[in-house]
């Protein structure tokens, strides 16, 4: 806890989550690039090159982020009940360096991203002219239909964020796809999917309503291949404005305490 | 003993004979479905929803409504057709901790917590539609270190929950996104929080756990919109305040009296009823002389200001960890022939109490623990006549045990049968005590309580008839896994609960006769609830190792 006082702490000043654990001091001795190589050699095969998960679980989820360095070092050294093999052969120093490196992949520590725009101006745009907030919540303000961006800037570089704004359909997440549904009763619905299986679809429309539908009752389910994001931010916003919005998102992500992000689907890694 | 005898022949024949009646019920349900259709899926909880007098489709807070009756007015599932009840889905929480919560259901969406995680589910399929993930806190003390969480409160498009490290979270019910996060306990790290919050008007009411760890209990109200604190009632008086003679020096900062279960609310009397926990240190009363107000009490508070209207103390100067967290159930019924506004509570101290909730006046009590020995009885003012069994280094045997004659698991009141249903526990403890200095990061029991050698624990389901002021029936539970499982009742006279053999059981509330059971394969440590989606009535109950079960007719 960095901020301590009696009474209430409002979210804006609440830098209190005990997740910023400085990696063990001796980890600094290991060269960062060597730690990166060790991660690729030992960890990436299961956890992915950027720790976002592969055969094994993602290591960037809130529960892993919140674990202490000591707990992570122990997990690497001894393995886990969930099936991770032990790696005592790496030695204590390398294991500590790996955990330190993982902290960077989790968006902690020394990953200061370059900000070239005016974050305050970006904030004004986000909540004003660009209307980002009508769908995206950030630090407790904004809409609900699209992902919360409070932490987005912690894990994404400026270029990637800019690309996501001007080319929103380039990398469509499953829960961002706009789905058009026609029921056998003739009802038409357009929204995003919050859960689906071979039997049911839970669709959320832009008014916030959940529609719990049985596939047997549906005449057509059409994936539009688009998200709800406007396609014209590249022309509607100037280069400067885009840079400002990107800067706002990055600065927010960097300064916000590591807050767990909500998950909409049945992720098997949390 | 009634328990365990199910007459299949009778049930099946009854079902056939009453098929027409069942059809009728389904017809009514279909109508309800049409009416409910427009409201399904859209979360926007109004004051009128929270003030509902009949719990049908929506179970809007921990106890279903403000009265704490844990009573569903749904009538689709009856003593006749309940034998056809079947599991509809199971939801497994990813962080499989012990589940002690009761789900809240609004417009076909179910909200549940596990540790610091919140989930929104399709209440008809159990499929997750969002999950707010937040790691549990390491380094907590005692109860908080178990990360128990008993559920959410809802208002408008928002969901509220407490966290193990005493934060109040406000989430967007449509996405699970965090809107605000307020830390509401003072510096003392021994605080924890486990309750479901309660919404009253535009405020969120929250309490804390930690009463065995030397914290000063309080109840706090926060503006539901902004998260700003509106009032705070300290359950342990500060220096110079009424009752402070029990708390010499700084002892009031450690006095306990925590508020770790949701209270109840009477909108007409504009009064909030909230139970407080045991005094601390638990077993050493020498450092807290007198009655130790306001521990082991029910408090009647003004919800707008937090001002105390009256209090009633069940267990003055308690030495046995007898919290008074048991739900203060608000009952409008005849008492000795007169219509009264009553407050009924089965207390952890082994007596059932009836109070006049307009003024806190004691009306009646009844011992429900056979081997109770800590008190001779209750005097005409409601004060126990203590047997002065004082824990010392050698130890003293006291009944009920440290776990109480009952505990936080919910009671239920059926306004049709006038029965008050609750689970009780027959057991005793050897209490030992010696002086302990308070330390941050450690519990503050001042020694311990253990089960006497060779003695066991026995669970009982009780039906207390408020008309006759006597027990209508009492069913001992067979089994080896004592469940911390509450009861609920329904408009068709059904009583549902987890038994001591890992079964979810439904029995006939008039007679105690078991009608149906299902083996959930794990200890139930929660209180059940009921809801409906598209005209179909469900029961739901959380089970010990992280599974939430829903049951309905085929």
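The values are calculated or read from the model by the stated rules, or taken from the named source; none is laboratory data. For clarity, every value in this text was computed on a predicted model and none was experimentally measured. Cβ: placed from backbone, ideal geometry, glycine included. Neighbour counts: every protein chain shown.
Per this entry, residue B:331 is counted among residues that are farther than 21 Å from residue B:377 by Cβ and under 19 Å from the mean Cα position of the chain (by Cα).
Surrounded by 19 or more Cβ atoms within 10 Å (Cβ to Cβ), modelled with pLDDT of 95 or more and either part of a loop (DSSP other than H, G, I, E, B) or within 14 Å of chain B (Cβ to nearest Cβ) (or both): does that describe residue A:203? Criteria met by residue A:203. Could we say that residue B:215 is within 14 Å of chain A (Cβ to nearest Cβ) and buried (at least 19 other Cβ atoms within 10 Å of the Cβ) here? In short, yes. Residue B:447 meets each of the listed conditions (1) touching a strand residue (DSSP E or B) at 6+ places or on another chain (Cβ under 7 Å); (2) on the phi > 0 side of the Ramachandran plot; (3) free of Cβ contacts under 8 Å to residues at least 60 places away in the same chain apart from (3). For residue B:102, the test of being in contact with a strand residue (DSSP E or B) (Cβ under 6 Å, 6 or more places away or on another chain), buried (at least 24 other Cβ atoms within 10 Å of the Cβ) and more than 24 Å from residue A:208 (Cα to Cα) is passed. Would you be able to say whether some residue in the range A:216-235 is in contact with a helix residue (DSSP H, G or I) (Cβ under 8 Å, 6 or more places away or on another chain), in contact (Cβ under 8 Å) with a residue 24 or more places away in the chain, more than 14 Å from chain B (Cβ to nearest Cβ) and in a helix (DSSP H, G or I)? Among the residues of the range A:216-235, at least one is in contact with a helix residue (DSSP H, G or I) (Cβ under 8 Å, 6 or more places away or on another chain), in contact (Cβ under 8 Å) with a residue 24 or more places away in the chain, more than 14 Å from chain B (Cβ to nearest Cβ) and in a helix (DSSP H, G or I), which makes the answer yes.
May I ask you to list the residues in the range A:177-200 that are part of a strand (DSSP E or B) and either within 18 Å of the chain's Cα centre (by Cα) or within 12 Å of chain B (Cβ to nearest Cβ) (or both)?
If the condition is that a residue be part of a strand (DSSP E or B) and either within 18 Å of the chain's Cα centre (by Cα) or within 12 Å of chain B (Cβ to nearest Cβ) (or both), then A:189, A:191, A:192, A:193, A:194, A:195, A:196, A:200 are the ones that fit.
In this structure, residue B:205 qualifies as in a strand (DSSP E or B) and surrounded by 24 or more Cβ atoms within 10 Å (Cβ to Cβ). Those strands (runs of 3 or more DSSP E) of the range B:91-182 in which at least 1 residues are farther than 21 Å from residue B:225 by Cα, within 7 Å of chain A (Cβ to nearest Cβ) and without any contact (Cβ under 8 Å) to a residue 60 or more places away in the chain, considering only elements entirely within it, cover B:117-122, B:128-132.
Here is a yes/no grid of residues against (1) buried (at least 23 other Cβ atoms within 10 Å of the Cβ); (2) in contact with a strand residue (DSSP E or B) (Cβ under 6 Å, 6 or more places away or on another chain):
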site	(1), (2)
B:348	yes, no
B:354	yes, yes
B:363	no, yes
B:367	no, yes
B:385	no, yes
B:394	no, no
B:406	yes, yes
B:410	yes, no
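Quick check, is residue B:93 in contact with a strand residue (DSSP E or B) (Cβ under 9 Å, 6 or more places away or on another chain) and surrounded by fewer than 24 Cβ atoms within 10 Å (Cβ to Cβ)? Yes. Restricting attention to the range A:54-80, the residues that are farther than 24 Å from residue B:131 by Cα, loosely packed, with under 14 Cβ neighbours inside 10 Å and away from chain B (no Cβ under 12 Å) add up to 2.
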